[in-house]
Amino acid sequence: MRPPAAPVVLDGSYGEGGPTLVRTALALSALTQQPVRIEGVRGGMPRPGLRAEDLAIARALA
C-alpha cells in the first residue's frame, strides 16, 4: 500500500477560475486518483464560491 499523495493545489482566483476549472479538476482527480484542492473557487467571477452543481459533481465522483 502506498502512502497517500499530496493534493494538487489549484488557485481558482487566478483568471476566471470558473466552472470549467472545477469540473476538469474533479474529473481528472477521479480518473488519476490524485487528490485535488481548489482554493478561491470562482475567485475571478462576480459571485465567487462553490455552487450546488459543483457539489453535485463532487458527490457523484466520490
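The values are calculated or read from the model by the stated rules, or taken from the named source; none is laboratory data. Treat the numbers as computed from the prediction; the structure is a model and nothing was measured. So basically every Cβ, Gly included, is an ideal-geometry build from the backbone, and we count neighbours across all protein chains shown.
Some observations on this one:
- Among (1) loosely packed, with under 11 Cβ neighbours inside 10 Å; (2) in a loop (DSSP other than H, G, I, E, B), the one test that GLU16 misses: (1)
- Residue among VAL22, VAL9, VAL41 that alone is in contact with a strand residue (DSSP E or B) (Cβ under 7 Å, 6 or more places away or on another chain) and either surrounded by 12 or more Cβ atoms within 10 Å (Cβ to Cβ) or assigned to a helix (DSSP H, G or I) (or both): VAL22
- Set ALA52, ALA58, ALA25: member being touching a helix residue (DSSP H, G or I) at 6+ places or on another chain (Cβ under 9 Å) and modelled with pLDDT of 85 or more: ALA58
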